[in-house]
Amino acid sequence: SRIQDMARLLFFELSKRSNNPIYNLLPDIVSQLSEIGIRREEFRSIMSFLLGFITKERQIETLCDKLCQRFPKAKTISQKADLAYCLAQLKINEKCVKSLNDHYKLYSASLFDEDVYKSFTTIVSKAKKASKSPESKQFVADWEARLEEAGQIGAENEAADAKALQAKRRAARRKQKQKTKGKQPAVGKKRSTRSSRAAAALEDAENMENSLLSVQ
C-alpha cells in the first residue's frame, strides 16, 4: 500500500544518517510491537526489514546485549519468542556469542518453548560460521550444549507442570461431583419425611371419620 511504501522510504532515509536513529529506536520498537500483540507474521516482517539496516559490528553487538537484557522484562513467552527471533536476525559475530553466553541466565528459562529454541539454533548456526579459531569453535560448541540441556530440562519441567495441572483439575471435578451427590440424598430424605407426615395425617383423618360413623 501507499502508506507502507512511504514508511519504507522514511526508514531508508533515516538509515542514511550518520547516527542511524533506527538503531537507537529498535529496542523500544521491538518491545512495543510485541506488547500490542500484532500477528506474528506481521511482527517478523517488520523486524526483519528494520534489522536489515543494522550492519555495523559495534551496533550489532550492543543491540544483541540490549535484547538479551529485555528477556526478564517480557511478560509472556510470546514476547520472549519475539526477542529471540530478533536476535536470530542479527549478523552474529564472536563478541555476540560471548555476550549471549554471558547473559545465558536471562533467557535459559525460555528455551523450553519450541519457537524460542528454534531461534537460538539459528543463532548457533550463524555463530559456527563466524567462528574462525579452534578456541572460538569450542566456545560455540560448549554454549550449544548448554542450550540443548536447558531446552530439554525446560521441556520436561513444562510437561510435568502440565500433567500436575491436569491432575489438579480432575481432582477438583471429582470433589465437585461428590458434593453434588452428597446433596441428593438429603433432598430425597426431606421428600420422604414429608410424604410420611402426609400419610400419617390422612390416616388420622380416616380414623376420625370412622369414629364419627360408629357413633352415629
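The values are calculated or read from the model by the stated rules, or taken from the named source; none is laboratory data. Please read these numbers as outputs of a predicted model, since none were measured by experiment. Every residue, glycine among them, receives a Cβ derived from its backbone with ideal geometry; neighbour counts consider all protein chains shown. Accessible surface is based on the protein model in full, side chains and every heavy atom, while ligands, DNA and RNA are left aside. Shrake-Rupley method; radii C 1.70, N 1.55, O 1.52, S 1.80 Å.
Looking only at residues in the range 1-32 that are within 21 Å of TYR85 (Cα to Cα) and free of Cβ contacts under 8 Å to residues at least 24 places away in the same chain, the one that is least open to solvent (accessible area, probe 1.4 Å) is ILE29. The residues in the range 114-161 that are more than 19 Å from the chain's Cα centre (by Cα), under 16 Å from ALA84 (Cβ atoms), touching a residue at least 40 places away in the same chain (Cβ under 8 Å) and open to solvent by less than 50 Å² (accessible area, probe 1.4 Å) can be counted, and the count is 1.
Of the candidates ILE77, ILE92, the single residue that is without any contact (Cβ under 8 Å) to a residue 40 or more places away in the chain, touching a Lys or Arg at 6+ places or on another chain (Cβ under 6 Å) and not acidic (Asp, Glu) is ILE92. Mind listing whichever residues of the range 120-136 are of a type in the set (Ser, Thr, Tyr) and either under 23 Å from TYR107 (Cα atoms) or in a helix (DSSP H, G or I) (or both)? Residues satisfying the conditions are THR121, THR122, SER125, SER131, SER136. So, of the residues in the range 81-113 that are of a type in the set (S, T, N, Q) and in a helix (DSSP H, G or I), which turns out to be most open to solvent (accessible area, probe 1.4 Å)? Checked the range 81-113; the qualifying residue most open to solvent (accessible area, probe 1.4 Å) is GLN89. Could you go through the range 143-164 and let me know if any residue there is of a type in the set (A, V, I, L, M, F, W, C), modelled with pLDDT of 70 or more, part of a loop (DSSP other than H, G, I, E, B) and under 30 Å from GLN69 (Cα atoms). No, every residue in the range 143-164 fails to be of a type in the set (A, V, I, L, M, F, W, C), modelled with pLDDT of 70 or more, part of a loop (DSSP other than H, G, I, E, B) and under 30 Å from GLN69 (Cα atoms). Tally time: how many residues in the range 55-78 are in a helix (DSSP H, G or I), within 19 Å of ASP28 (Cα to Cα) and open to solvent by 30 Å² or more (accessible area, probe 1.4 Å)? So the count comes out to 7.
Taken over the range 1-45, the criterion of being among the hydrophobic types (A, V, I, L, M, F, W, C), touching a Leu at 6+ places or on another chain (Cβ under 8 Å) and within 20 Å of LYS73 (Cβ to Cβ) is satisfied by LEU26, ILE29, VAL30, PHE43. Confirm whether ARG44 is among the basic types (Lys, Arg), out of contact with any Ser or Thr (no Cβ under 7 Å at 6 or more places or on another chain) and open to solvent by less than 80 Å² (accessible area, probe 1.4 Å). Spelling it out, ARG44 is indeed among the basic types (Lys, Arg), out of contact with any Ser or Thr (no Cβ under 7 Å at 6 or more places or on another chain) and open to solvent by less than 80 Å² (accessible area, probe 1.4 Å).
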